Amino acid sequence: MGDPVADDNNDKQRQLDRHRVDSAGTRYTTDQGVRIDDTDNSLSIGERGPTILEDFHLREKVMRFDHERIPERVVHARGSGAHGVFQVYESLADYTCADFLCDPSLRTPVFVRFSTVAGSRGSADTVRDVRGFATKFFTRQGNYDLVGNNFPVFFVQDAIKFADFVHSVKPEPHNEIPQAQSAHDTLWDFVQLQPETLHTIMWLMSDRAIPRSYRMMQGFGVHTFRLVNASGKGTFVKFHWRPALGTHSLVWDEVLRLQGNDPDYNRRDLWEAIESGAFPEYELGLQLVPEEDEHKFGFDLLDPTKIIPEEEVPLRPVGKMTLNRNPDNFFAETEQIAFCTANVVPGIDFTNDPLLQGRNFSYLDTQLLRLGGPNFQQIPINRPVAPVHNDNRDGFHQHMIHTSHTSYSKNSISGGCPATGALSGDMTGVFKHYTERVDGEKIRKRSPSFGDHYSQATLFWNSMSGWEKQHIVNAFLFELGHVERRPIKEQVVERLANIDGELAAKVATGLGMPAPAATAVNHGKSSPALSQAGQPSDTIATRKIAVLAGDSTDAGALGPVKQALEGQGAICDIVAPHEGSAGSLTVDKQVSAASSVLYDAVLLAAGDELAGNGYAVQFVREAFRHGKAIGALPGTDALLQAAALPGRQGVVDASAGDGFAQRFIEAIAAHRHYDRDVTAFPA
Ligand code: HDE
């Protein structure tokens, strides 16, 4: 892959350049272009007299302000976006005729929007929720949207249940409480009555639902799609995104504190990484299943509550996406981008997954309300780089001035243009729907092949490491602890008994109820790829490290360690009792205004001086509780003692031997030290 910065100059960016407006050196005007001398005072009769109606500038300014808001997305309202490029490693022409997947020399512009699902536009980033991972590829053959999530499965199997599910997780209708939370009665009532939710609920209770960063989470297309090659042959496909920085999560207690410390935590993280040139990268991986193998799995490929275990169908890495440019304007780009699962290009097609079929309708429909009419595709961020010609006309906010004297097909007056493939005889790049024989009776019925709701929930549970299982149990206890109606909790526990007896018993104990008498037999199978414990943890690039320093800090001892950390791409902040300087160091943050939850690791660089500082002591204790690596430079014992940590796992002591910087780097790369027993250690 070439220099991602150079890719900033691509077809999509050049197209957007025509719409970018820079006010530098300009003069203030009305929307009509009339220059204005004063925008601070209304036009009035006398200095203390009434404001008059002819003040067109006041009228326009107030009107524009009154109409600034558009409806937020009904789900995924809170999001962050970025531009980038995608490049395939080698041609996939055996499977698809999509040219962006067949030509390794092509750098396809993309725009990605990450999001939470349940919260409003202004809600906190770090909530327990699914994360959206939606990618628009501006290909030469038209826009392709891969509108995915960071979980590979979904809560319901049929689009007709989507509104019910979303209503249950959103704030309750009578009092609009709680915001961006699943921990309330209606969601859990829905869950206990709709067991198809349970596999995805297991993901939601796991640490996958609290990612450390949008740059450190996987993405999934969820549904089984179809690739179609030039000869019309189809292959089933599942899409995966894998982040180059590994898949890492926060811990629950940290999440709660982050919501107050920095509600924009994930948004800021993405923005700052791109601004600093640390461009997030994701590898696209495909699971390919020949059509003949459709029925060889123990589940239905059309069921979106199922994964294909990677051990059964390995992931084939096929390309890389790099996010290399922040939007210039949040509203114009991130808010107005309109994704739609039906936006496919030749070579990519749907399956009969009933959730996908419903989505294909919903995404187009929702934009009409949100973006105010049928011309939302003409908003600059949504425009394809491929030429657009058809007979669609008029509507609110039409931007094009069609000069043709006809707007119908076929026509003879305009020479038959714009001409379809069939009319022109030119079939280059024409979208051809996959030919599939379908016959059957019109029925309103779920396929029996969608009937197993538990096996893969059990597979997920079995695949978790010890600490992951504990986090899942804790999450159930937190969530159900917020449910007011006891019968709902009891029913959820009954459902869990169908997943695993130990899980159900642990949750039951926490809720003060007897373990369910009848529990299903665990099939014992696991899929190691599902565990985050097994994910690569080999880099500290972009990790944030707080250096707890003071006037007594030995800059000579700190220097090489800081250099080693920064050499590996980490970001070090000097955190000290006051702003200005700490000895010879420049302070980045004053300790009372900083918080350990904003950092991935802590380096202790002062001792006695900080041992009596409650903020510094709290900083170290909290970092320990959250599993973070703690490095202790010589002379910092007093601070460590004051923190009274209940163990030393992941605490790297410089006086314990050589190679301190390297040992500390390895401890940070491990991400979190979950082996610490912090149950009896409130920070
Ligand atoms: Fe969505 N979803 N969804 N969804 N979804 C929307 O479209 C919908 C589903 C996903 O950053 C809406 O433009 C239905 C699965 C993402 O702009 C809406 C069903 C997956 C985003 C909608 C689903 C997703 C959305 C709201 C069940 C993962 C944010 C605003 C049939 C594969 C896109 C909008 C962005 C957004 C409908 C289920 C992912 C209402 C009906 C499964 C990432 O159209």
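What follows is calculated from the coordinates using simple rules that are stated; it is not laboratory data. Not measured: the values here are computed from a predicted model. Don't worry about glycine lacking a Cβ; one is built from the backbone with ideal geometry, like all the others, and counts go over all protein chains shown.
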Spin-label proximity, Glu90 to region 299-338 - amide N less than 15 Å from point 7 Å beyond Cα toward beta carbon: 316-320
Equivalent ellipsoid semi-axes, region 582-677, via Cα gyration tensor eigenvalues times 5, rooted, Å: 19, 16, 14
Residues in region 527-559 that a label on Gln590 would reach, taking backbone N under 20 Å of a point 7 Å out along Cα→Cβ: 546-553
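Which order do the peptides 471-484, 36-49, 135-148 come out in when sorted by mean C-beta neighbours inside 10 angstrom, highest first?
Put in order of decreasing packing, that is 135-148, 471-484, 36-49.
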Rg/Rg_ref, region 454-530, where Rg_ref = 2.2 N^0.38 Å and atoms are Cα: 1.06
Packing-based order for 21-28, 205-212, 295-302, using average beta carbon neighbours within 10 Å, highest first: 205-212, 295-302, 21-28
Taking the chain and dividing mean pair separation by its residue count, relative contact order in percent (alpha carbons under 8 Å, at least six apart): 12
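What size of dipole, in debye to the nearest 20, comes out for region 395-484 about its Cα centre when the only charges are +1 on Lys and Arg C-beta atoms and -1 on Asp and Glu C-beta atoms? Please list the in-between numbers first.
Working: 8 positive and 8 negative charges, 79 e Å.
Roughly 380 debye, rounded to the nearest 20.
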In region 442-493, trypsin sites (Lys or Arg not before Pro) in a DSSP loop with at most 10 other beta-carbon atoms within 10 Å: Lys442, Arg444, Lys445
Cα-only radius of gyration and Dmax that characterise the chain, units Å: 27.9, 89
Förster-model FRET efficiency, 56 Å R0, Ile160 and Ala680, C-beta, rounded to 0.05: 0.70
Check: the chain dipole with +1 on Lys, Arg Cβ and -1 on Asp, Glu Cβ, in debye: 1020
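Among the listed pairs Lys469/Lys489; Lys12/Lys61; Lys136/Lys562; Lys170/Lys489; Lys161/Lys489; Lys306/Lys544, give every one whose C-alpha distance is greater than 30 Å. Intermediate values should be presented prior to the final figure.
Details: Lys469/Lys489 19 Å; Lys12/Lys61 32 Å; Lys136/Lys562 39 Å; Lys170/Lys489 19 Å; Lys161/Lys489 22 Å; Lys306/Lys544 36 Å.
Over 30 Å Cα-Cα: Lys12/Lys61; Lys136/Lys562; Lys306/Lys544.
Taking the mean number of other Cβ atoms within 10 Å as a proxy for protection, how do you rank 525-531, 406-412, 63-69 from highest to lowest? If you can, show how the numbers build up before the last one.
Numbers: 525-531: 16.7, 406-412: 12.4, 63-69: 8.7.
Ranked by mean Cβ neighbours within 10 Å, highest first: 525-531, 406-412, 63-69.
FRET efficiency for Arg140 and Arg48, Cβ-Cβ distance as r, R0 = 60 Å, nearest 0.05?
Details: r = 64 Å, r/R0 = 1.06.
So, using R0 = 60 Å, E works out to roughly 0.40.
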Percent breakdown of C-alpha pair distances by 5 Å bin, ordered from the shortest bin, for region 1-142: 2, 8, 10, 11, 10, 11, 13, 11, 8, 6, 4, 3, 1, 1, 1, 0
Separation in nanometres of the label points that stand 7 Å from Cα toward Cβ, at Asp253 and Lys525: 3.8
Förster radius 51 Å - calculated FRET efficiency between Asn352 and Ser407 (Cβ-Cβ, nearest 0.05): 0.90
